[in-house]
Amino acid sequence: MSVSVDTCIRVMEALAPPEHALAWDNSGLQIGSRTAEVNRIMVTLTITEKAVERANADDVDLIITHHPLIFQPLHAIDTDLPMGRIVQKLLSNGIAVYACHTNLDRAQFGLNYWLAESLGLHKHKILEPEPGQELGLGRIGYLDPISLADLAVRLNKMWQTHVRYVGDPQRQCTKIAVCGGSGSDLIYTAWSQQADVLITGDLKYHAALDAEALGLAVIDAGHFATESIMITKVASYLRTKLPAVAVVELWEGEDPFRY
């Protein structure tokens, strides 16, 4: 039995209300009709041409993505370019797209909550909370004492990536801050809350220098590694809430970097 795109959207918005997205974001329905029928959903981190080809081959009706397909204004749909080809293939094959981005990052039980749980953080809470609300960016909590170097090795194995870090390899880390994706802007927030280390992705050069000067260790595990938990968690959530709909996960081809 199929459900509508609108029903799927309402299920996602119960997890991550759209009004919690940051002002610069572009979450929500991006392609398709809310009245269209959905028998099969694909969950992915980012929509690429390969993702659309896979969705078409698997008879997917709706793609739920973390990163918005349409982020900057589209001034043209040039089908000689990747974005134009993606839009053309989605429309011609009747595949809808829904993005759940910073509202999922900031949700009380969203991406950063899942990250903290997967790391085994104790007594974790929102790192940068919205005043008076149970939402915000990042999480901060506690681990049994572990050296920065050993924590980096642990994350390498857990996320099958190659991390880089700032700080003394022998530094003992107990209070841990984490933010999926690009979390460089939270360095001063983590430092002000006496975190020993911030785990994030996309660490910029000058942010690394700032962290070093503050005495805050930072582990950069990459954008994909720190957000890919979204694929499994959202898929599991949808299977629980929409048992009549098939849900598939797309992982391959997501991380463009080779290590």
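Candidates Val247, Val234, Val218: the one that is at pLDDT 95 or above, within 19 Å of Arg139 (Cα to Cα) and in contact with a Leu (Cβ under 6 Å, 6 or more places away or on another chain) is Val218.
In the condition set (1) under 22 Å from Ile187 (Cβ atoms); (2) touching a Cys at 6+ places or on another chain (Cβ under 8 Å); (3) not hydroxyl-bearing (Ser, Thr, Tyr), Val234 is compliant with all but (1). For region 36-48, does any single residue satisfy the condition of being hydroxyl-bearing (Ser, Thr, Tyr) and over 22 Å from Leu74 (Cβ atoms)? The answer is no, given that none of the residues of region 36-48 is hydroxyl-bearing (Ser, Thr, Tyr) and over 22 Å from Leu74 (Cβ atoms).
Among the residues that make up region 35-43, is at least one of them touching a Cys at 6+ places or on another chain (Cβ under 6 Å) and over 20 Å from Glu227 (Cβ atoms)?
Keep residues of region 35-43 that are touching a Cys at 6+ places or on another chain (Cβ under 6 Å), which gives 38.
Imposing the further condition that a residue be over 20 Å from Glu227 (Cβ atoms) reduces the set to 38.
The answer is yes; a qualifying residue exists.
Of the residues Leu155, Leu214, Leu242, the single one that is surrounded by 19 or more Cβ atoms within 10 Å (Cβ to Cβ) and hydrophobic (A, V, I, L, M, F, W, C) is Leu155.
What do you reckon, is Leu91 part of a loop (DSSP other than H, G, I, E, B), farther than 30 Å from Ile140 by Cβ and not basic (Lys, Arg)?
Values: part of a loop (DSSP other than H, G, I, E, B): no; farther than 30 Å from Ile140 by Cβ: yes; not basic (Lys, Arg): yes.
It is false that Leu91 is part of a loop (DSSP other than H, G, I, E, B), farther than 30 Å from Ile140 by Cβ and not basic (Lys, Arg).
Residues checked against (1) part of a helix (DSSP H, G or I); (2) in contact with a Ser or Thr (Cβ under 6 Å, 6 or more places away or on another chain); (3) closer than 28 Å to Gly201 by Cβ:
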site: Met12; (1), (2), (3): yes, no, yes
site: Ser33; (1), (2), (3): no, no, no
site: Phe71; (1), (2), (3): no, no, yes
site: Arg85; (1), (2), (3): yes, yes, yes
site: Tyr98; (1), (2), (3): no, no, yes
site: Asn112; (1), (2), (3): yes, no, yes
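Picking from residues in region 100-110 that are in contact with a helix residue (DSSP H, G or I) (Cβ under 8 Å, 6 or more places away or on another chain) and not in a helix (DSSP H, G or I), the one that is surrounded by the fewest Cβ atoms within 10 Å (Cβ to Cβ) is Phe109.
If only residues of region 203-217 that are touching a strand residue (DSSP E or B) at 6+ places or on another chain (Cβ under 8 Å) and in a loop (DSSP other than H, G, I, E, B) are counted, the one that is farthest from Gln172 (Cα to Cα) is Leu203. Out of (1) in contact (Cβ under 8 Å) with a residue 60 or more places away in the chain; (2) under 24 Å from Thr65 (Cα atoms); (3) touching a Gly at 6+ places or on another chain (Cβ under 6 Å); (4) aliphatic (A, V, I, L, M), what's the single condition that is false for Ile126? Single failed check for Ile126: (1). Within the set Ala96, Ala76, the sole residue that is touching a residue at least 60 places away in the same chain (Cβ under 8 Å) and farther than 30 Å from Lys175 by Cα turns out to be Ala96.
The values are calculated or read from the model by the stated rules, or taken from the named source; none is laboratory data. As the structure is a prediction and not an experimental result, all values here were calculated from the model. FYI the Cβ positions are ideal-geometry reconstructions off the backbone, even for glycines, and counts take in every protein chain you see.
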